[in-house]
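Below is one structure, written out as structure tokens, with a few remarks after it.
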Amino acid sequence: MLWLERKYLSRIVSLVEQGKWKNDNTLNHRCPYCGDSQKNQFKARGFHFTIGQNFVYKCHNCGHSTSSVNFLKDHFPVIHKEYLKEWLTESGKKPKKPQKMLSANEFKFTPNKELLNMKKVDLSAVAFKVTDKVDAQEFVKRRRIPKERIDELWFTPQAQSLGLLSPKYKDRVLGNDPRVVLPFLNENGELVGITGRAINDSPLRYLTMRFLDDVPLIYNIGNVDKTKTVYVTEGPIDSLFLPNSIAVGGSDFKKLDDSLKENAVIIYDNEPRNAQIIKQIEEVIDLGYKVCIWNERRVSEYKDINDMVIGGLSQNEIIEIINSNTYSGLSAKAKLQEYKKI
Ligand SMILES: [Zn+2]
């Protein structure tokens, strides 16, 4: 919804440095991802412009590009939340045409009441296996998710069904988008949370639910051998491409248990110009973790592991790149300085 995105971008014009509309469809300001020119405080190389029915953001200094909605999320979380609320109301008003890929049959979803009544939270009560639904299969094919990992993924054509998993989320699930669902199981194999990745163009890309408080959500934690190298990524989908791997579902690696410190390799997304991420990498280095620093031309155009796979790199190549770019302590700090200038 172009008009709605424009409305919310208008709210940040006075909040960003050097913000001004160049025309109805172009907003320009200094880039908060890289800080823009350090020498010239008037240089403003961040641009929001339209592609189809959406605004996108691109910085001509650091190259960072993302949707403008994501930009709001990164820098103005409160305004972003308000945007989402209004987006949901607006998209609910219009009669939604069923998407082409979904058959009418797939829109009707009846939760399995018996399974829901069991004490244990069970995804099969409210979702399908990815392999049972064509549009979910299309998604995993497009993202090139390895065949051997597809079995652990679920799919719901209507995210509202997930609200039935826990009284905590009754009537509290945002939107009703079709989502591929990745379950977080604890070390005893119990479902403690989920994250649902929208397979349409919903601005709510990820929907995360947590069923047990005080249990950190770490994807695949029950299946790794902590005596060997454990690869740790931000996104659960990225972790599917690596052996013996887990994901923290965000960029907070500090929630990892100390028992992982010796063998974990922390792998951030590839964002050399993102000052916040660089700071976080420094922090985990200081905590004593090994980190992968993507100092490699071959991957410079890709922002995460899934992008690298879609771009044509094999899983083995990626593992090799990670292994040869893993550092700790002072050498990690030195490599991080090089990385910032890549
Ligand atoms: Zn920038």
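Only the coordinates and a few stated rules stand behind these numbers; no lab work does. Predicted model only: the values in this text are computed from it and were never measured. A quick note on method: Cβ atoms are made from the backbone with ideal geometry, for glycine too, and the neighbour counts reach across all protein chains shown.
Per residue, the convex hull spanned by the Cα atoms of the range 154-273 amounts to 122 cubic angstrom. Please identify, among Asp258, Asp307, Asp135, the residue showing maximal mean-square fluctuation in a Gaussian network model of the chain using a 10 angstrom Cα cutoff. Answer for the Gaussian network model of the chain: Asp258.
Rg over Rh for the chain works out to 0.97, using Cα positions for both radii and the Kirkwood form for Rh. Cysteine residues of the chain whose Cβ has no partner cysteine Cβ closer than 4.7 Å: Cys292.
For the range 221-340, a Kirkwood hydrodynamic radius built from all Cα pairs, placed in the Stokes-Einstein relation at 10 °C and 1.306 mPa s, yields a translational diffusion coefficient of 112 µm²/s. The Cα center of the range 165-197 and the Cα center of the range 215-235 differ in position by 18 Å.
When only alpha carbons of the range 291-339 are considered, Rg and Dmax amount to 11.1, 33 Å. Taking each of Lys73/Lys168; Lys22/Lys341; Lys73/Lys147; Lys81/Lys335 in turn, the alpha-carbon distance tops 28 angstrom for Lys22/Lys341; Lys73/Lys147; Lys81/Lys335.
Each Lys and Arg Cβ is given +1 and each Asp and Glu Cβ -1; about its Cα centre, the range 109-210 then shows a dipole of about 200 debye. When the helices of the chain are scored as -39500 (n - 2.57) per DSSP H run of n ≥ 4 and the total is divided over every residue, the value at 222 nm lands at -8000 deg cm²/dmol. For the range 30-84, what class follows from the C-alpha gyration tensor (a ≥ b ≥ c being the square roots of its eigenvalues): rounded when a/c is under 1.5, otherwise prolate if a/b is larger than b/c, else oblate? Taking the square roots of the gyration eigenvalues as a ≥ b ≥ c, the range 30-84 is oblate. Put +1 on the Cβ of every Lys and Arg and -1 on every Asp and Glu Cβ in the chain; which of Leu287, His48, Gln315 then has its Cα farthest towards the positive end of the dipole? The residue sitting most towards the positive pole is His48. Over the range 2-93, the ratio between the Cα radius of gyration and 2.2 N^0.38 Å evaluates to 1.06. The fraction of all Cα pairs in the range 146-203 landing in successive 10 Å bins from 0 to the largest distance is 21, 51, 25, 2, given as whole percents. Taking all C-alpha pairs of the range 109-210, those more than 16 Å from each other amount to 54 percent.
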